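As structure tokens, the structure follows; a few thoughts come after it.
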Amino acid sequence: MSTPSIDYEAVLADLEAKKAHLESAIAAIRAVAGMTGLGGPAPGSSPSGGGPVINGTKPAPDAFLGKSIPEAAKMYLASQRRKLSTQELMDAMEAGGLPGSKYATVYAILSRRENKVGDIINLKGDWALAEWYPNYVKKPKKGVVSEQEGQDSLLDATEDEAETGEKATA
């Protein structure tokens, strides 16, 4: 019984073709992400088309064009990978192409995003992505009745009405 001969030239040609395909896919992804192999900007890449946000520096002048304040904040937080103050986010958003906004406006928009969506959170004045803090639980504000407590008190009131036959007055 003889062993079949392997055509190493064909194997190498096939691997070279796959390598070229993978390298072009990697280059395309780097171009989209705006980076080189070292995490810096791609050589010859232009910041147009929603340019990249680069770690450690200001965002490209058009990085946030067409984005909302929460979207821009989320993008910049993700690129910086650390908590940022409202003012730092405002400066980055303006540098990235969003029109200037008042501090109170940006803070209110991000607070609303925190309460409604929950993907951005405020930690003692600094903003962060919720995915960085999986064990973070927002403390309820004083005087605010949770949904469960509200349902429990409503059940108690209807049980009292059923027992007494009278409607409870608030």
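Structural remarks
- Test: residue in the stretch 82-89 that is assigned to a strand (DSSP E or B) and surrounded by 14 or more Cβ atoms within 10 Å (Cβ to Cβ): yes
- Test for Ala42: is it small (Gly, Ala, Ser), at pLDDT 85 or above and surrounded by 16 or more Cβ atoms within 10 Å (Cβ to Cβ): no
- Against the numbered list (1) loosely packed, with under 10 Cβ neighbours inside 10 Å; (2) hydroxyl-bearing (Ser, Thr, Tyr); (3) modelled with pLDDT under 70, Thr36 comes up short only at (1).
- When the stretch 102-131 is filtered for residues that are in a strand (DSSP E or B) and either in contact with a Cys (Cβ under 7 Å, 6 or more places away or on another chain) or of a type in the set (Phe, Trp, Tyr) (or both), only Trp127 remains.
- Verdict on Lys167 being touching a helix residue (DSSP H, G or I) at 6+ places or on another chain (Cβ under 9 Å), at pLDDT below 85 and within 26 Å of Lys67 (Cβ to Cβ): no
- Qualifying residue in the stretch 53-62 (condition: of a type outside the set (Ser, Thr, Tyr), assigned to a helix (DSSP H, G or I), exposed (fewer than 10 other Cβ atoms within 10 Å of the Cβ) and modelled with pLDDT under 90): no
- Matching entry among Pro70, Pro134, Pro99 (being closer than 25 Å to Ala33 by Cα, in a loop (DSSP other than H, G, I, E, B) and either out of contact with any Phe, Trp or Tyr (no Cβ under 9 Å at 6 or more places or on another chain) or among the hydroxyl-bearing types (Ser, Thr, Tyr) (or both)): Pro99
The values are calculated or read from the model by the stated rules, or taken from the named source; none is laboratory data. Worth saying up front: this structure is predicted, and the values here are computed from it rather than measured. Please note: Cβ atoms are built from the backbone with ideal geometry, for glycine as well, and neighbour counts cover all protein chains shown.
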